[in-house]
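Take a look at the structure below.
The values are calculated or read from the model by the stated rules, or taken from the named source; none is laboratory data. Model, not experiment: these values are computed from the prediction. Side chains are part of the model used for accessible areas, which takes the heavy atoms of the whole protein and leaves out ligands, DNA and RNA. Shrake-Rupley method; radii C 1.70, N 1.55, O 1.52, S 1.80 Å.
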Amino acid sequence: MAFAAMILLMGSCRSSKEVAYLQNIDSISLDASRGLYDARIMPKDLLTITVLTTDPAASAPFNLSVSNTVGTSGQLSTSSQSLQGYLVDNSGYINFPIIGKVHVAGLTKNECENLIKSKVQPYLSKSENPIVTVRMSSYRITLLGEVGSPGQKQIATEKVNLLEAIALGGDLTIYGRRDNVLLIREDATGAKKHIRINLTDANLINSPYFYLQQNDIIYVEPNDVKKKNSDIGQSTTMWFSFIGIATSLASLIVSVLRK
């Protein structure tokens with residue numbers, strides 16, 4: 001038992017080189033990371049789109065509300081604060097009121113706003129200059145493995161980098177491998193790819209995978225120490241079970257012989 005405890009204690013002492021992030025950040029240039037990131041709309045994204053004009057009656061047909069309140073009489077009432085979401089289909093289209101089908105997959109939020117505005121404008125008076133706002137209400141990522149709080153994380157800002165995502169998950173545990181984090185990503189066609197990322201290398205900031213896309217999956221695998229400790233724990237449990245059974249049998253045999 002003491003031997004197992006000693007192994008666990010020794011294994012818990014990790015080198016700072018295995019734990020620290022972005023270790024070489026003082027020696028590299030971050031010029032390649034210059035520029036603002038914009039998420040792009042993907043199939044199965046849920047969009048909230050609002051059209052505002054100086055005349056509310058003019059924009060009303062483009063802002064479908066959803067009935068979501070049950071009254072005392074059992075009837076559904078409509079809330080003007082809850083707008084109809086638009087699910088992007090597998091071909092990248094949404095079905096927008098009055099306008100019809102609009103292809104939005106692959107567009108940034110601003111590009112989608114400009115597109116909707118151009119299609120709405122012909123239905124309004126020339127004096128109206130509509131304001132179109134698009135939000136991605138289904139932007140989320142998934143964290144698995146050696147993180148403090150694994151699970152699916154909803155992103156409110158439509159922009160999150162890998163380090164921010166790890167922070168949302170409560171950071172990596174001491175047993176998580178920093179040098180081989182697995183990112184699984186699906187593109188607009190449904191094709192999947194995986195990328196191995198080294199969090200100890202500051203060149204990550206210059207990487208095209210520094211910013212995450214909606215529905216990305218991040219898996220942090222356990223390091224060798226955690227794997228060995230797991231094996232030790234299983235072996236220890238087996239030995240204690242065996243010793244317990246053997247002790248019980250020995251006690252039973254002694255009791256029988258004494259009789």
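Within the same chain, aspartates and glutamates fewer than 8 places from K117 are excluded, and of the rest, those with a Cα less than 13 Å from its Cα are E128. List, in the order given, every pair from K44/K192; K193/K227; K159/K226; K101/K192; K192/K227 whose Cα-Cα distance in the structure shown is over 22 Å. Correct reply: K193/K227; K159/K226; K101/K192; K192/K227. In order along segment 170-183, the phi-based Karplus estimate (6.51 cos²θ - 1.76 cosθ + 1.60, θ = phi - 60°) of 3J(HN,Hα) comes to x, 6, 6, 6, 5, 8, x, 6, 7, 8, 8, 7, 9, 10 Hz; Gly and Pro are listed as x.
Available extension along the chain between D89 and I253 is 51.9 nm, counting 0.36 nm per residue and deducting the alpha carbon span. Counting heavy atoms of the protein chains only and a 1.4 Å probe, report the per residue accessible area for segment 161-229 as a whole number of Å². Each residue of segment 161-229 exposes 46 Å² on average to a 1.4 Å probe.
The stretch between I98 and Y123, if pulled fully straight at 0.36 nm per residue, gains 8.1 nm over its current Cα-Cα span. Compared with the alpha-carbon gap, the fully stretched path from I205 to T157 is longer by 15.4 nm at 0.36 nm per residue.
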